[in-house]
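**Student:** My structure is below; once you've seen it, I'll send some questions.
The values are calculated or read from the model by the stated rules, or taken from the named source; none is laboratory data. Just so you know, these numbers come straight off a predicted model, no measurement behind them. Neighbour counts are summed over all protein chains in view; Cβ atoms, including those assigned to glycine, are modelled from backbone coordinates with ideal geometry.
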Amino acid sequence: MKFRQIALGLALATAGLTGVVSTSVATAQEKVQFFPSLTGRTGPVAPNATQFANGYADYMKLVNARGGINGVMTLVEECETAYATDRGVECYERLKGKHGGATVFQPLSTGITFALTEKIPADKIPMITSGYGRSDSADGDIFKWNFPLIGHYWVAGDTVLQHIANKEGGWDKLKGKKIAVAYHDSPFGKELLPIMEERAKKHGFQLQLLPIPAPGVEQKAIWLQVRQQRPDYVVLQTWGVMTPTAIREAIAVGYPREKMFGTWWSGAEPDLKDVGAAAKGYSAVMMQHGAEPQSDVVKQILSMVYDKGQGVGPRNEVGQVLYMRGVVGAMLSVEGARTAQAKFGKGKPVTPEQARWGYENLNLTQADLDALGFKDVMRPVATTCSDHMGSAWARVHTWDGTKFVWASGWLQADKTLIDPMVKASAEKYAAEKKMARRSKEDCQS
Amino acid sequence: MFYRENGQFKIAYRADQQIFPIAQDRWAVLALIAFAFIGVPFLADGYLFRAILIPFVILSLAAIGVNILVGYCGQISLGSGAFMAVGAYMAYNVFVRIEDMPLVLALLAGGFFAMLVGIVFGVPSLRVKGLYLAVATLAAQFFCDWAFARIGWFTNSSSSGSVAVSNLSFLGWTIDSPVEKYLFCLTFTATFALLAKNLVRGAIGREWMAIRDMDVAAAVIGIRPMYAKLSAFAVSSFIIGVAGGLWAFVHLGSWEPAAFSIDRSFQLLFMVIIGGMGSIMGSFFGAAFIVILPIFLNQALPWVGSLIGVTVSTAMISHAEFMIFGVLIVWFLIAEPHGLAKLWSIGKQKLRLWPFPH
Amino acid sequence: MAFFLETTLGGLMAGVLYSVVALGFVLIFKASGVFNFAQGAMVLFAALAMARFSEWVPAWLGFESLLLANIIAFMLAAICMLIFAWLVERLVLRHLVNQEAVTLLMATLGITYFLDGFGQTVFGSAVYRINVGMPKEPIFVLDNIFQGGLLVNREDLIAALIAATLVAVLSLFFQKTTTGRALRAVADDHQAAQSIGIPLNRMWVIVWFVAGITALVAGIIWGSKIGVQFSLTTVALKALPVIILGGLTSVPGAIIGGLIIGVGEKLSEVYLGPLVGGGIEIWFAYVLALVFLLFRPQGLFGEKIIDRV
C-alpha cells in the first residue's frame, strides 16, 4: 500500500515536471527588448546585490515610463544566482533565448563572468561587467563580447592608490610604506592584485597580502596580523557580508578606520549602517557615482515609478550606492541598445549582435548624460573597438557615521600604466585560446 | 508475469556469471543504453542538454564513485568535492602543459592523481570510523580548497585563480555542440558504470561489503582491512576524479576552486543516500533527483504562484527551493531510508507477479 | 612575546565561541545519537529571531527601552526554538528511530536546508544587528610589563564569561534537576531509560530545546560580534573539529577541544600562514583534529569505541 502511494506520487511528479519544463521552453516572439537580470537576492551577498537588482529593475521601468527605447519597451526577467557560478551559468542558459533573445547579460559576479566569457562568443550575446570581471577584457580586440564599461578592478586599485598617494603628498612619499590588501580569496579578490603589485614595484612600497577565505566569518587571525605588521594603510577588496565583518574586526583590534580604504564593492550602506558611528572615517573608492539621492534620475524614478506603486524595493533605499550602480548598469544597457537602434533601425528591437555593436560604439557626452538625469553623477563614456571600457574616472567617499561624503575630486586611472597590463594579459589569453586579434573589417560590423 | 525468469536456463557458467543474468534485465538495459545514445539526441533541445542531461550524466558518474566508498565499503566521506577538484585541476595541468595531449588521456590522468590523493586521505580510515571519519575527510575537502586557491602551479599561474579550457576534441571530432558533449560524457559514464557493476560483483566488491557490514568480523575471516579500505578509496577517487575532470572541462568550461566546495560534497552524498546506498542503479536515480529538482522547483513555483494569483519573487523562489528540498530529503529518508533503488527493486519484485494477484 | 600572548588570548576566546556552538552538537548526540548538522542553521535561525524580534517588539508595543526589548526578544526566540524542537521530534526523529547514523545525518542536513529557507523567508536576508550592549573597542592591559599593553578584546572576554556561565548552568541542570538526570539516563542507554519509564520522546524534545537555547546564546554572541548574516551557518563547520577532537559525547571535551582548536588555529594562521601565503585557517583545525584522532580515535574525552563481533 505504501509502495503504491509512493509510486503514484512519483509518477504524478514526473508528469508534472515534463509538463512544466516543456511549457517553459516554448517562447513567443514579442516586440520587447529583453534584459535578463542575474540577481543575488539570497546568499552571502544578499544585502548588497539586492539593491543592485532593484536599481536595475526600477530604471528599466523608468525607461518604459518615458516611452521605451524609441517606442520599444524593455522587459526584465530575474534569475537568482546566490553568487554561485554554476547557478549563474544555469540562469544564463535558461534566459538567453527567451523573449526574442537576451540583449545583454550583467552577471554581477566575477566567477560567473569568467565562466560566461567562454560561452558568449559562441552564443553571440554581449556581456557588460561594469566594475568587475576580467580587467583584461577592456581590450576589445580580443574580448569582442565583454564590456567592462566605465571601470574594472585595475582602475579601482590605481585610483585608490592615487588617493592614498595624494594624502601622503605624492607618489614618492609612499616609498618604504606598507600597504596591506585584505581580499576575498577568489577570482574577484585576486583580480585587484596585479595593479597593486605593479604600483608597489614602481614606487617602492611594501604589499602585505591577506586572503580571506569565503564567506569570511572568522577574520580575527587576519586582523591580528594587521595589528602585528602595523601597515600604514589597508585596502579591502571584499563583497557582501565579508565587508562589515572586516570592519568590525578592525575596530576590535583598534586599527584606525581612517587608514582603511575599500574598493567600489566594499563601501556601501549595507556594509556600514549596522556598524554605524564606530566605522567613521572608513573610505571607499567609487566608480564615478556614489550615493546620489538628490540626482535627477532618482527624482524621476521616485515620481514616475514609485509614486505609481511600481517600485521594486523599499523607497528609502532609492539613491543609495548600490542602487545607483544598478541604475547606471541599466542605463548603459539601454543606451547601447539605443545606439544600435540608431544604426540598425529605430523602433524595433535589436538583436544581441546588433546590441554588441551598440556597446562598442557608445558615445555618451556630458550633455547626453545630463539629459538622462545623471548630471554630476557620471562623466562621459566613449567606447571603441579596442577600448571596451570607455572611461576610467573614480572618486573617493568617506563614511561620516551616518552617510557618505565625498573625500576627493575626480581621479582618473593612469592609462600609461594600465593599458600595457591589459594588453599583455589579453595577449596571454589569446595565446592560450589560439585566437587572433580582431581585424579592422571585423571592427566595423 | 512479464518479469519472471521461467524458462531461462543457463547451460554454461559464463552465462550464469554475466552482469544481467535475467533476459528482461538485459533487454531493458540495452534498450535504455540505446535510447540514451540514439534516442535522446533527437528528442532533447540545447537547454535540456546543457542544464539537465550533461550535469546528470557527469554527476551520476561521481555518484557511482561516492557510492562505492560510502555505499559498498561503508566509509562515510565528505571529501568528494575535493577529489573532483583534484581530478579537474590535474587534468587541466596535464592537458595544458603537455603539447597535443589527447583529452581522454588527460581526464584519465586527472583521475589517476585523484586516486593518489584519495589513498592519502583514506589512511585515517584505518584508524577512525563512522562520523569521526566523516569529519576527518572534511580535512581533505578544506585542504584542497585552500591548495587550489593558493598554489599557483595548479592554475598555471593565472592571476585570478580561474582557469579555462577550450578546443576539446576526441579523435578529430571537436566536442562543442551540446549533443557531442552529452555523448562524450555518456560514453564515460556508461563504461565506468559497467566496470563498477562488475567490480562490485567480484571478490573485491564482496570484501568491501564485508568491511561495511562488520569490519572486525571481516578481519577475523582474513580480509585485509587496509587493502580493502584503501582500494575502495582508490577506485572511488579515480571515478570521482574523472567525473570532476568532465564536470570542469565539458560542463563548466571555466572554473574556480569554489566550484568544488563542500556544497558539492554534500550534494554527492545526498545523491547516494537518496538514490540508494550500495546500488549502481541508485546512483543514477539519486543524481536525477538532485539535478532535476531545483530546476523543476524554479519553473514550477512561479507557475503554481500564478495559479493562485501570487507573483513570486526570485528571492522567494530561492527560499522555497531550499525549504522544499529540505522537506523532500527528510520525507524521503522517512519513507524509504534505503533510497530510490529500493523502491525500484520492490517494483521489480511486484512485476514478477503482475498482473496476477499471486 | 606580547603579540604571541595576544594571539593566544585571541585564540582562546575564539575557541570559547566555537565551544558554545559545539555544545549544542554534543548535547544532542549524547541524548539521541543524532549528529545534528542543523546546529549551524539553528544558530542562524535563533539569532535572526532574536535580532528581528528586538526590532519588531518595540515597534509593536511602542516603548523604547533596549533592555526590555532584548529580554522579550530573547524569550520569544526561546519559544521559537521550543516549537522548533517539538516539531523536529514529532515530524522527523520519531520516524527515524534506529536508522543508521548516515541517514540521521542526512535528515539533519535536510532540516538545515529547510531552516535556511524558512528563516530567510520569515525574517529576511539582510544583515541584522543584535545590540545587547557589548563593548566594541578593545582594552589594553598589562602595559607596565609590555609596551603599549596587551590587546584584549572586551567583547570576546564577555562572550567567554557568558559561555562559562552557560556551561555552569548546564552542568547544574544536568546534575541537580530530575530532568537533567533523566537526560543523562537517556544518553547512557536508551532502552534502559525507557524500561524505567522515562518518556523518550519528551526527553528528545527537551534536549533539542536545550540545544536550541545553546544555539540562541551562540547566535547572540556571534551576531553581536559580526552581525546576523547568512554565513553564520558556516560557524557550525568550524565547530566540527572541536567536537571530534574533544569527543562526540563529552561536554568538557567540547570546551577543551574548542580552546585547543581556537589557539591552534590562530597561532598557525599568524605564524605559519605568511610562510605559505595565508588562509590556512580553513583547514588547519581539521588537520589538527585529524592528527589527534590518529592517536586517539575517539577524541580526547569521548567514549572508547568498542566493536562487538
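**Student:** Here is a list: C:A160, C:A168. Which entry is free of Cβ contacts under 8 Å to residues at least 12 places away in the same chain and among the small types (G, A, S)?
**Tutor:** Answer to the check: C:A168.
**Student:** Looking at A:C79, A:C91 in this structure, which one is in a helix (DSSP H, G or I), touching a residue at least 40 places away in the same chain (Cβ under 8 Å) and in contact with a Pro (Cβ under 9 Å, 6 or more places away or on another chain)?
**Tutor:** A:C91
**Student:** Exactly one of (1) modelled with pLDDT of 90 or more; (2) within 26 Å of A:G373 (Cβ to Cβ) is unmet by A:Y92. Its number?
**Tutor:** (2)
**Student:** Quick check: anything in the stretch B:82-94 at pLDDT 95 or above, closer than 27 Å to B:A288 by Cα and surrounded by fewer than 22 Cβ atoms within 10 Å (Cβ to Cβ)?
**Tutor:** No: zero hits.
**Student:** Applying the selection to the stretch C:31-61, what residues are under 11 Å from C:T108 (Cα atoms) and not hydrophobic (A, V, I, L, M, F, W, C)?
**Tutor:** C:N36, C:Q39, C:G40
**Student:** Considering only the stretch A:245-264, how many residues are under 15 Å from A:I164 (Cβ atoms) and aliphatic (A, V, I, L, M)?
**Tutor:** The total comes to 1.
**Student:** Could you grab me the full set of residues in the stretch A:408-427 that are surrounded by 14 or more Cβ atoms within 10 Å (Cβ to Cβ), over 22 Å from the mean Cα position of the chain (by Cα) and within 14 Å of chain B (Cβ to nearest Cβ)?
**Tutor:** Result: A:E427, single match.
**Student:** Follow-up question, since we're still on this one. Pick from A:P256, A:P215, A:P293: which is under 21 Å from the mean Cα position of the chain (by Cα) and either small (G, A, S) or under 24 Å from C:N131 (Cα atoms) (or both)?
**Tutor:** A:P215
**Student:** If a residue has to be assigned to a strand (DSSP E or B) and modelled with pLDDT under 90 to count, how many in the stretch A:156-199 make the cut?
**Tutor:** Matching residues across the stretch A:156-199 total 0.
**Student:** Ok, one more. If A:K220 passes every condition in (1) touching a residue at least 60 places away in the same chain (Cβ under 8 Å); (2) within 18 Å of A:P256 (Cα to Cα); (3) within 14 Å of chain C (Cβ to nearest Cβ) but one, which one does it miss?
**Tutor:** Among (1) touching a residue at least 60 places away in the same chain (Cβ under 8 Å); (2) within 18 Å of A:P256 (Cα to Cα); (3) within 14 Å of chain C (Cβ to nearest Cβ), the lone unmet condition for A:K220 is (1).
**Student:** Within the stretch C:150-157, is there a residue that is more than 23 Å from the chain's Cα centre (by Cα), among the hydrophobic types (A, V, I, L, M, F, W, C) and either under 22 Å from C:G258 (Cα atoms) or surrounded by 16 or more Cβ atoms within 10 Å (Cβ to Cβ) (or both)?
**Tutor:** yes
**Student:** Considering only the stretch B:296-315, state which residues are more than 7 Å from every other protein chain (Cβ to nearest Cβ) and within 21 Å of A:V76 (Cβ to Cβ).
**Tutor:** The answer is B:N298, B:L301, B:P302, B:G305, B:S306, B:V310, B:T311, B:V312, B:S313.
**Student:** While we're on this one: What residue, among those in the stretch C:120-146 that are at the interface with chain B (Cβ under 9 Å from one of its Cβ atoms) and in contact (Cβ under 8 Å) with a residue 40 or more places away in the chain, is nearest to B:F322 (Cα to Cα)?
**Tutor:** C:Q120
**Student:** Still on this structure, please answer the following. Criterion first (on the phi > 0 side of the Ramachandran plot, within 27 Å of the chain's Cα centre (by Cα) and surrounded by 18 or more Cβ atoms within 10 Å (Cβ to Cβ)) does A:G151 satisfy it?
**Tutor:** yes
**Student:** Could I ask something else about it? Could you grab the pairs with beta carbons closer than 6 Å, sequence gap of 6+ or different chains, first residue in the stretch C:189-213 and under 22 Å from C:A168 (Cα atoms), second one among the charged types (D, E, K, R) and in a helix (DSSP H, G or I)?
**Tutor:** Short answer, once both residue conditions are applied: C:W204/C:E89; C:V205/C:E89.
**Student:** Please work out which one of (1) over 21 Å from A:S391 (Cβ atoms); (2) of a type outside the set (S, T, Y); (3) in a loop (DSSP other than H, G, I, E, B); (4) assigned by TED's automatic domain parsing to the domain that holds A:T245 is the condition A:D271 fails and give its number.
**Tutor:** (3)
**Student:** Now for a different question. Please go through the stretch A:58-100 and give me each residue that is more than 24 Å from B:A259 (Cα to Cα), crowded, with 23+ Cβ neighbours inside 10 Å, within 18 Å of the chain's Cα centre (by Cα) and not charged (D, E, K, R), ordered by number.
**Tutor:** Of everything in the stretch A:58-100, those that are more than 24 Å from B:A259 (Cα to Cα), crowded, with 23+ Cβ neighbours inside 10 Å, within 18 Å of the chain's Cα centre (by Cα) and not charged (D, E, K, R) turn out to be A:Y59, A:M60.
**Student:** Checking the structure you have, find out if any residue of the stretch B:261-280 is assigned to a helix (DSSP H, G or I), over 15 Å from the mean Cα position of the chain (by Cα), closer than 25 Å to A:L116 by Cβ and within 14 Å of chain C (Cβ to nearest Cβ).
**Tutor:** Yes: one or more hits.
**Student:** In the stretch A:116-126, which residues are assigned to a helix (DSSP H, G or I) and either β-branched (V, I, T) or crowded, with 24+ Cβ neighbours inside 10 Å (or both)?
**Tutor:** A:L116, A:T117, A:I120
**Student:** Any chance you could count how many residues in the stretch B:130-160 are more than 7 Å from every other protein chain (Cβ to nearest Cβ) and either in a helix (DSSP H, G or I) or not polar (S, T, N, Q) (or both)?
**Tutor:** 13
**Student:** Please tell me if C:Y286 is assigned to a helix (DSSP H, G or I), aromatic (F, W, Y) and either at pLDDT below 85 or more than 23 Å from the chain's Cα centre (by Cα) (or both).
**Tutor:** no
**Student:** Yes or no: the stretch C:273-280 includes at least one residue that is more than 23 Å from B:L126 (Cβ to Cβ), touching a residue at least 60 places away in the same chain (Cβ under 8 Å) and either out of contact with any Ser or Thr (no Cβ under 8 Å at 6 or more places or on another chain) or among the hydrophobic types (A, V, I, L, M, F, W, C) (or both).
**Tutor:** No; the residues of the stretch C:273-280 include none that is more than 23 Å from B:L126 (Cβ to Cβ), touching a residue at least 60 places away in the same chain (Cβ under 8 Å) and either out of contact with any Ser or Thr (no Cβ under 8 Å at 6 or more places or on another chain) or among the hydrophobic types (A, V, I, L, M, F, W, C) (or both).
**Student:** Being facing chain C (nearest Cβ under 7 Å) and assigned to a helix (DSSP H, G or I) is the filter here; which residues of the stretch B:322-348 pass it?
**Tutor:** The answer is B:F322, B:M323, B:F325, B:G326, B:V327, B:I329, B:V330, B:L333, B:I334.
**Student:** Okay, next question. Counting only residues that are within 12 Å of chain A (Cβ to nearest Cβ), surrounded by 24 or more Cβ atoms within 10 Å (Cβ to Cβ) and not acidic (D, E), how many does the stretch C:247-269 have?
**Tutor:** So the count comes out to 3.
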